[in-house]
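Visitor: What follows is a structure written as C-alpha cells; I'll ask about it next.
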Amino acid sequence: MSAAEVVVARRPRPVRAWLRLLGSELGLMFSRRRNRVGVGILFGLVVLVGIALKVSAVRRPRSPAGDLMSAVAGNGIFLGFAGLTVEIALFLPLAVAVLAGDTVAGEANQGTLRYLLIAPVARGRLLVVKAVSLAIGSLVGAAVVALSGVLTGAALFNIGPLTTLSGTRLGVAEGLLRLVLAVGYLAAGLSALAMIGLFISTLTEQPIAATVATAMVSTLLWILDTVPQLDWLHPWLLVDRWLSFVDLLRDPVFTDRMVTGLWVDAAYAAVFLALAWLRFRDKDITS
Amino acid sequence: MPESQASQDSPAIASSALTKHFGRQLVVDAIDLDVPRGAVYGFIGPNGSGKTTTIRMLLGLIRPDSGACSLLGHDMPSAATGVLPRVGALVEGPAFHPYLSGQANLLRVDAADRRSDPETAASRVASALDRVGLTVAAAKKYRAYSLGMRQRLGIAAALLQPRDLLVLDEPTNGLDPQGTREVRHLVTELAGDGTTVFVSSHLLAEVEQLCTHLGVMRAGRLVAQGPMSELRALTATRFRMRTTDPVPALAVLATLGVSDGAPVDGGIVGSLGQVAPEWIVQAMVRAGISVAEFIQVTPTLEDLFVQLTGEGFDVSG
C-alpha cells in the first residue's frame, strides 16, 4: 500500500470525523466497568426508594397532594420525579464527577493523552469532544434515574393519569413528557457541573483528585445554598434552582425559575469551559 | 499530499536554539538539530540528558521557552495538525487504555486523527498489528500484554498510516533479543522505503548498527551532530602490539611520529593517526623487535562518546 493510494482515496469529511471521535470517546466511557456499575447504582437506588415507599404506604396514610413522595403511592410516574429529587443532591453529581475526573486527567495519567495529541487531534477539538461526551454522560445519568423510576413505579404502583401539584389531572403521555423535560433540565445543570470537573481535570494528572475536587465543589454549593445568612449568594449558586424541576408538575408549568436556572447553568458551563481551554491550550504534556 | 518545493527540500527535523526549562532547571539548552531527509538519525545521550524533552517539543507536546523547531519543513507546534499525520511516533514508552484490546486501542488512536479514513481503519489496524507480530494478541486486553508486547503495540500505532518521518524514543526498550532484531529489521526496511527515522536510544550498539547520522546529547546540549562517518573520523584508530621488547618498540614508534605510544602489560599501545599499520610492523621487524601480534582497534561509539563528552556514557547529566 503506497502513500499515494491512501491519500487519493480520502476526501475530508469533518462532521463524520468529529462524530467518529465522539463515538470513540463515548465507547470508552460506557465500556468502563466502573461506569457501568455506576449506572447500575443510579438505577438501583430508585428501586430501593420505590420499595421503601411501597412498604411505608401500607402503614402510613397518604398525606395531602404536594408531597412528592406520598404522591408516588397514587401514581408510579411520580417515582421518576421522586428518584430525581433523591439523587440530584449527591449521587448524580458524584457520577458526573467520576466521568469528568477521567476525561483529561485520566488520559494524562495513563499517558494516552500524548498519543491522542500526536495522532494528531487539535487540543480544542479534543476538549470540545470531551465536553460533549460529558454532557451526554450527564443526560444518560439523569435519564437512567427517571427510567428506573417509571419502570419501578409501574411494577410496584399503578401508572395512570397523574394529579399535578396544582390539582389538575394530566394524561399518561403528558406526564411522561413532563418527566422527560425534567431529565433534560437536570442534565443541563449536571453538564454545567461537568464543565467545572473538566476544568479541574486539566489541572492535574490524578483522575481521583479531579473527581474528589469536583464532588467537593458540588457538595459545597449545596451546603452554601442551605445557609440562610448567605441568601444574597443563593441565586448565583449553580445548584440553587436544580430542584425547580418540580415546577414541571404544576399546571400550567411554572417556568420562571427553570429558565433562570438554565441561564445560570449556561453561564457556569461557558466560564469553566473557557477556563479549561485557557489551561489546556498551552499545557506542557509531560506525562 | 501536495507539498511545496521548499518544504520538500527542507530537513526532516530542524531546530534552532531550542530551549526548555522545567522550573529553574535547564533541560534542553539551545540545541540546533538538523536531520536530513532519508536519514536514520541516532539521538543518543545518557538518561536525563534531555532527549525525551526534545522529542516532546518536536511533537508539540511541550512548548519551548525559546527557539524554534520544524518537522518536514512545517513549524511546530503551529502546524501540528497539518504535519503530524505524516509523522509516526513512540514517545517515552507505549501508553494505552488497559481495559481495551490492542486492536480497540489502535482504533481509538486512529479515530483521533480527523484525516484518517474510517473505511480503511480496520484493515490499517490489522496490517500495523501484523507488521509488529501482534496479530494473535489483537483481541487481548492491553493489561494482559507483556512489556515487549506493549512496546510492539506502541510501534504499531506509529505505523497506522504511511509516514514520511518516524520518531522512535527507545524503541527496543523491554524487547527480548528476538524483538530487538525485529525492530532493527523494521527500521531498516522503513528507511529503505525512504522514511526518515529519528531514533533515540541509550544503547550505543543498537545505534551503531542502525544509523547513518548521529546526534549526541549531554546535559541538555547537543555536543556533536553529523553523518556517522564524519563523527567516526573524529576518533583516532588505535592499535595494540604484543611484544617482549616494549622499550625499544616505543623508541621505534617515536621515530615514526606516533607520539602517544605507551607500554601496557605484554606490549604497547598507541594511535595510528596518519601512519599505516604495515609501516609500523615493517619498522619494528627491521629494528629486530619481535612482533607477536598487531591488532588495529576500531573505535566504538562509546569511545567516541567518551571523547566528545569526556565522561563515561552511563553518567547521568
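The values are calculated or read from the model by the stated rules, or taken from the named source; none is laboratory data. Every value quoted in this text rests on a predicted model; they were computed, and no experiment measured them. With ideal geometry, Cβ positions are generated from the backbone for all residues, glycine too; neighbour counts draw on all protein chains shown.
Visitor: Out of B:Ile44, B:Ile62, which single residue is of a type in the set (A, V, I, L, M, F, W, C), within 16 Å of the chain's Cα centre (by Cα) and crowded, with 20+ Cβ neighbours inside 10 Å?
Guide: The conditions single out B:Ile44.
Visitor: Okay, next question. Give just the number: which of (1) part of a helix (DSSP H, G or I); (2) in contact with a Gly (Cβ under 8 Å, 6 or more places away or on another chain); (3) within 11 Å of chain A (Cβ to nearest Cβ) does B:Ala156 not satisfy?
Guide: Exception for B:Ala156: condition (3).
Visitor: Identify the residue in the range A:256-287 that is farther than 12 Å from A:Ala194 by Cα, among the hydrophobic types (A, V, I, L, M, F, W, C) and in contact with a Phe, Trp or Tyr (Cβ under 8 Å, 6 or more places away or on another chain) and, among all such residues, is nearest to the other protein chains (Cβ to nearest Cβ).
Guide: Across the range A:256-287, the extreme among qualifying residues is A:Leu275.
Visitor: If you don't mind, another one. Looking at this structure, is B:Asp117 among the acidic types (Asp, Glu), within 12 Å of another protein chain (Cβ to nearest Cβ) and in contact (Cβ under 8 Å) with a residue 60 or more places away in the chain?
Guide: For B:Asp117, the condition - among the acidic types (Asp, Glu), within 12 Å of another protein chain (Cβ to nearest Cβ) and in contact (Cβ under 8 Å) with a residue 60 or more places away in the chain - is not met.
Visitor: Within the range A:1-78, which helices (runs of 4 or more DSSP H) (wholly inside it) include 1 or more residues that are surrounded by fewer than 17 Cβ atoms within 10 Å (Cβ to Cβ) and modelled with pLDDT of 85 or more?
Guide: Here the list reads A:14-31, A:33-59.
Visitor: Related question: When you go through A:Leu220, A:Leu275, A:Leu238 one by one, which is the residue that is under 20 Å from A:Glu87 (Cβ atoms), among the aliphatic types (A, V, I, L, M) and part of a helix (DSSP H, G or I)?
Guide: A:Leu220
Visitor: Let me ask something else. Examine the range A:138-158 for a residue that is at negative phi, in a loop (DSSP other than H, G, I, E, B) and away from chain B (no Cβ under 14 Å), and state whether such a residue exists.
Guide: yes
Visitor: Inspect all residues belonging to the range B:99-112 and state whether any of them is hydrophobic (A, V, I, L, M, F, W, C), more than 27 Å from B:Ala138 (Cα to Cα) and at the interface with chain A (Cβ under 7 Å from one of its Cβ atoms).
Guide: Looking through the range B:99-112, none of the residues is hydrophobic (A, V, I, L, M, F, W, C), more than 27 Å from B:Ala138 (Cα to Cα) and at the interface with chain A (Cβ under 7 Å from one of its Cβ atoms).
Visitor: Another question about this same structure. Scan the range A:178-223 residue by residue and report those that are crowded, with 21+ Cβ neighbours inside 10 Å and of a type in the set (S, T, N, Q).
Guide: The answer is A:Ser191, A:Ser201, A:Thr202, A:Thr211, A:Thr214, A:Ser218.
Visitor: Among the residues of the range B:255-280, count how many are out of contact with any Leu (no Cβ under 9 Å at 6 or more places or on another chain) and more than 23 Å from B:Ala233 (Cα to Cα).
Guide: 5
Visitor: Confirm whether A:Val128 is among the β-branched types (Val, Ile, Thr), within 14 Å of chain B (Cβ to nearest Cβ) and assigned to a helix (DSSP H, G or I).
Guide: Criteria met by A:Val128.
Visitor: Read through the list (1) within 14 Å of another protein chain (Cβ to nearest Cβ); (2) small (Gly, Ala, Ser); (3) part of a helix (DSSP H, G or I), then give the number of the only condition that A:Ala97 fails.
Guide: Here A:Ala97 clears every test but (1).
Visitor: Also: Quick one: which of B:Arg86, B:Arg56 is under 24 Å from A:Leu21 (Cβ atoms), out of contact with any strand residue (DSSP E or B) (no Cβ under 8 Å at 6 or more places or on another chain) and within 10 Å of another protein chain (Cβ to nearest Cβ)?
Guide: Only one candidate qualifies: B:Arg56.
Visitor: Looking only at the range B:92-104, count every residue that is within 28 Å of the chain's Cα centre (by Cα) and closer than 13 Å to B:Leu134 by Cα and tell me the total.
Guide: 1
Visitor: Can you tell me which residue in the range B:120-145 is farthest from the other protein chains (Cβ to nearest Cβ), limited to those that are closer than 16 Å to B:Ser101 by Cβ and free of Cβ contacts under 8 Å to residues at least 12 places away in the same chain?
Guide: Selected residue: B:Val136.
Visitor: So B:Phe96 clears everything in (1) surrounded by fewer than 21 Cβ atoms within 10 Å (Cβ to Cβ); (2) within 14 Å of another protein chain (Cβ to nearest Cβ); (3) not small (Gly, Ala, Ser) except one condition, right? Which one?
Guide: In the conditions (1) surrounded by fewer than 21 Cβ atoms within 10 Å (Cβ to Cβ); (2) within 14 Å of another protein chain (Cβ to nearest Cβ); (3) not small (Gly, Ala, Ser), B:Phe96 misses (1) alone.
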